[in-house]
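In what follows, a single structure is set out as C-alpha cells and then discussed.
The values are calculated or read from the model by the stated rules, or taken from the named source; none is laboratory data. No experiment lies behind these values; they were computed from the predicted model shown. FYI the Cβ positions are ideal-geometry reconstructions off the backbone, even for glycines, and counts take in every protein chain you see. Quick note on the areas: whole protein, heavy atoms, side chains included, nothing else; ligands and nucleic acids left out. Shrake-Rupley method; radii C 1.70, N 1.55, O 1.52, S 1.80 Å.
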Amino acid sequence: MNSARIRYPRISMLVTLSMSVLFFAGWINPYRERVEEGNREFQAEEYEKALGIYADAAAVFDPESRELHFNIGDSWYKQKDYQKAIEEYSRVFGSNSPLLEAKAHYNIGNASFEQEDYAGAIGAYVSSLKLNNKDEDTKYNLEVARKKLKEQLDKMKNQQESQDQQQQQQQQQSEQQQQQGQENQDKQQEQQQQQGEEEKDKEKKPPEQSESKEQVQNESPDQQQQKEVQLSQEEAERLLDRLQEDEEQQRREMLRRPSGGSYTVEKDW
C-alpha cells in the first residue's frame with residue numbers, strides 16, 4: 001500500500017504591489033520590474049536565479065516586504081533547503097493579509113514534513129487552518145502528517161524495545177560469563193588446595209619400606225651392580241648351608257644301615 005503524500009506548497013507570485021512611494025504617470029516602476037523578472041525565472045524553474053532577484057529587490061526596495069520573503073521562502077523550498085525556507089516563511093507572520101499568513105503556515109508545514117518533523121508539520125497546519133479553515137489541502141496534509149507521526153512514534157517505540165531487549169541479553173550474557181569465570185576460579189583454587197594438601201601428606205611420611213622406582217632409577221649403575229652382587233652372595237651362603245645339611249643327613253643314614261656283603265654259615269660237622 002502506497003503511503004500518502006502531501007500536496008505541493010502554495011507559490012505566491014507578486015503581480016501587484018502596494019507601493020509606499022507614488023510615481024509619476026509614465027515612469028517605469030523598477031521595483032515591479034525586478035519582482036516580475038524573478039517571477040519569470042521561478043516559472044522557468046531557475047530557482048537559484050529567482051532567489052537572487054527576490055533577495056536583491058528586498059534589499060534595495062523593501063527589506064520588510066512579507067510578499068518578497070514569502071517568494072524567497074518558495075525559492076529555498078524548491079532547492080530543498082527546507083530550514084532556510086522556514087526562516088523566510090516565518091518573516092511573513094504579522095501580515096495584514098490573513099490569507100498570506102495562512103499560506104506561510106501551510107508551507108512551513110510542508111517544509112517540516114519533508115524533514116520528517118511531523119509534529120512541527122501538524123502544528124503549522126493547525127495554525128494555517130485557524131486563519132483559513134476552509135482550505136482542503138491543509139486538512140488533507142494534516143491527516144497525512146498525523147498518520148506519519150503515529151508511524152514514527154511506533155517505529156521509535158519498537159526500536160527502543162529492541163534496544164532494551166538487546167541490552168538485557170547482553171547483560172545476561174555478561175552475568176553468565178562472570179558466573180562461569182567465578183566457578184572456574186573456585187574450581188582452580190580447590191584443585192590447588194588439594195594438591196597442596198597431598199604434597200604436605202607426602203612430606204609427613206617416613207622414608208621406610210621398599211625403595212621406590214624413582215630411587216632405583218636414581219641409583220648409579222655401580223650401586224645397582226653392587227646390590228646385585230650382595231644378593232648373590234647371600235643366596236650362595238644359603239645354598240651351601242643346605243648342601244651341608246643334606247650331606248650330614250646322608251651320613252647319619254649311612255651309619256644306621258648294616259654293613260654290606262655276604263656271609264657264610266659254617267656247617268656243624
Problem - Unmet requirement for Ala59, which otherwise passes all of (1) part of a helix (DSSP H, G or I); (2) at positive phi; (3) small (Gly, Ala, Ser) - result: (2)
Exercise for the section: Quick one: count up the residues across the range 97-106 that are touching a helix residue (DSSP H, G or I) at 6+ places or on another chain (Cβ under 7 Å) and open to solvent by less than 50 Å² (accessible area, probe 1.4 Å). Expected result: 6
Practice task
For Ile122, state whether it is hydrophobic (A, V, I, L, M, F, W, C) and more than 25 Å from Tyr54 (Cα to Cα).
Solution key: yes
Exercise for the section: Please give the number of the condition Glu136 fails out of (1) open to solvent by 50 Å² or more (accessible area, probe 1.4 Å); (2) closer than 19 Å to Asn39 by Cα; (3) not β-branched (Val, Ile, Thr). Expected result: (2)
Practice task
Take the residues in the range 232-268 that are hydroxyl-bearing (Ser, Thr, Tyr) and open to solvent by 90 Å² or more (accessible area, probe 1.4 Å), then tell me which one is modelled with the highest pLDDT.
Solution key: Ser259
Problem - Every residue from the range 58-75 that is open to solvent by 40 Å² or more (accessible area, probe 1.4 Å) and aliphatic (A, V, I, L, M) - result: Ala59, Val60
Problem - Test result for Gly181, surrounded by 10 or more Cβ atoms within 10 Å (Cβ to Cβ) and modelled with pLDDT under 95 - result: yes
Exercise for the section: Check whether at least one residue in the range 76-85 is exposed (fewer than 15 other Cβ atoms within 10 Å of the Cβ), assigned to a helix (DSSP H, G or I) and modelled with pLDDT of 95 or more, and report yes or no. Expected result: yes
Practice task
Would you mind finding the one in Gly123, Gly109, Gly94 that is open to solvent by less than 70 Å² (accessible area, probe 1.4 Å) and at positive phi?
Solution key: Gly94
Handout entry: First in the range 92-115 and touching a residue at least 40 places away in the same chain (Cβ under 8 Å) and part of a helix (DSSP H, G or I), second anywhere and open to solvent by 20 Å² or more (accessible area, probe 1.4 Å) and among the β-branched types (Val, Ile, Thr), Cβ under 6 Å, 6 or more apart
Key = Asn110/Ile6; Ala111/Ile86; Phe113/Ile6
